[in-house]
Structures are given as C-alpha cells and as structure tokens.
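Q: Right, I'll just put the structure down here and ask away after.
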Amino acid sequence: MRYFVTLAYDGTNFHGWQIQPNSNSVQEEMERGLKILLQQEVKIVAAGRTDTGVHAKKMVAHFDCKNKIEDTENFVLRWNSLLPKDISVFSLKQVAEDSHARFSALSRKYEYHISCVKNPFLENYSARFGELDFEKMENASKRLFDYTDFTSFCKVHTDALTRDCTIMQAYWEKRGEVWVFTIEANRFLRNMVRAIVGTLVAVGRGRISEEDFCKIIESKNRGAAGTSAPAKGLFLVDVTYPEEVF
C-alpha cells in the first residue's frame, strides 16, 4: 500500500530533509515515528530535499506499508504525538502504487522572505539585507521566464542530469514588514532559489543591472552569480500533482 503524507516543518533545527550521519533530519524523525506505528522499517520519499535551515509550509512525501491503514485520521494524530514540535503531519491519503511524491509532481512553489525592519519574531524566518530597490528586483525576476537553462544558479558537483527548468511564476510582493519572492517551476536545481535571490539582491543594491542578471544566466557559470541567500528565509509552500495521482 502506498500513502501520500502532507506535512510542514520549521527547518531551523534540522540539517535538511535527507538523513545524514551525525545530524538530525526531518526524514529521520518521520521514519522513526513510522517505525513505531507500523512496527516495520519504512523509507519515506519527499517531493524534494530541502537544505539545512530551509522550512516547508507544505511538503509532500510517500511511503509504502504492508497493510492498509484503516483510520488515517487517528494514524495522523498518533504520528504527530511522536514527532518533535517543529514537524507537523496534516493529512494521509492512499494513492496508486505507481504514484511518486517526487517524480509525479507537476510543480513546486517556493517563497523567499526578506524583512525590512529588525523584528525578533521574523529573525528565524526571513533575511535582512538593508536598503533594496524591489522595483528593479521585480523587473529582473521577470527575465527568468526567458530562460530554461539555470546552470548559473545550480550548486556545482550535483547529480542533476539536466539543468533545464520551466518557470511558471516569479514575482515580488510586500506583506506587512516582509517582502516575499514567489517562484514556481516544474522542477528546481540544488540551491537554485537561494542563488536566484542572492543575485536579485545584487540587482536591488545596484551592484548589477537587469542586463547583467541576464548575462549571468546566459553564462551558465555558478561563479558569475551572487552569493546564495540565507536558508532561513526560504519556504517550500506547495507541491502540485495531476488529479489521477489521487
């Protein structure tokens, strides 16, 4: 039996999603709870592998178990009781055996939060960069739609077979004291969103122009792009699937 689980987590105290030696991860906590509930070793596969310190308002993952889970609502309650306070399971649903949390996904959506003022309640969930020209950053972000190869924003030495991505949304908006960059694509490369934001910040500071931003993408050189923005400002906010998955 295959199940999709929807969850959220505060990534502050985790070394990312994926299990790593001598480091606490979201995957490890999730699998520990499943082992107790199902009395068997279970591997859980996520829609994506968030890095150390990155948050998820909505992550989707799947796992297989031998027997049907009759009462999924009660299972979710029991699972949450075994998880730390910074991970929460929202729902559990049986899906087709060939459905895959990662490979069946149509798109992922991320947000990056930049705070405009010093606020202790935003400290772990946004980054501050000082004065930025968000109009210039908005104009530059629109140029992302002109490209599909984002090698310049990909962490080097990754196992990605292709660096092509289709951008569906990319825009900035003000929400109270925070500026939020929303970006949606069919897939993302390792470190891609943080590298894009770091380079857009360089545009906002006046260090590079909109045309320079385009040249960086065209160079297909990670060294030409800006420094990656801090992990704490990044949130995975949605993963979409075709209706037939469910």
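The values are calculated or read from the model by the stated rules, or taken from the named source; none is laboratory data. For clarity, every value in this text was computed on a predicted model and none was experimentally measured. As a convention, Cβ positions derive from the backbone with ideal geometry for all residues, glycine included, and neighbour counts pool all protein chains shown.
Q: Considering each residue of the stretch 22-66, count those that are of a type in the set (Gly, Ala, Ser), surrounded by 22 or more Cβ atoms within 10 Å (Cβ to Cβ) and touching a Gly at 6+ places or on another chain (Cβ under 8 Å), and give that number.
A: The qualifying residues number 1.
To keep it simple, each residue is scored yes or no on (1) within 30 Å of Pro242 (Cβ to Cβ); (2) touching a Phe, Trp or Tyr at 6+ places or on another chain (Cβ under 6 Å); (3) assigned to a loop (DSSP other than H, G, I, E, B).
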{"site": "Tyr110", "(1), (2), (3)": "yes, no, no"}
{"site": "Glu123", "(1), (2), (3)": "no, no, yes"}
{"site": "Thr162", "(1), (2), (3)": "yes, no, yes"}
{"site": "Phe188", "(1), (2), (3)": "yes, no, yes"}
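Q: Would you call Ile183 assigned to a helix (DSSP H, G or I), touching a residue at least 12 places away in the same chain (Cβ under 8 Å) and either within 26 Å of Leu7 (Cα to Cα) or not assigned by TED's automatic domain parsing to the domain that holds Leu92 (or both)?
A: For Ile183, the condition - assigned to a helix (DSSP H, G or I), touching a residue at least 12 places away in the same chain (Cβ under 8 Å) and either within 26 Å of Leu7 (Cα to Cα) or not assigned by TED's automatic domain parsing to the domain that holds Leu92 (or both) - is not met.
Q: If you scan the stretch 31-85, which residues turn out to be touching a helix residue (DSSP H, G or I) at 6+ places or on another chain (Cβ under 6 Å), of a type in the set (A, V, I, L, M) and touching a residue at least 60 places away in the same chain (Cβ under 8 Å)?
A: Val54, Ile69
Q: Only one residue in Glu138, Glu211, Glu243 is in contact (Cβ under 8 Å) with a residue 24 or more places away in the chain and either within 21 Å of Asp10 (Cα to Cα) or surrounded by fewer than 20 Cβ atoms within 10 Å (Cβ to Cβ) (or both). Which one?
A: The match here is Glu138.
Q: Quick one: how many residues across the stretch 36-81 are of a type in the set (Gly, Ala, Ser) and in a loop (DSSP other than H, G, I, E, B)?
A: 3
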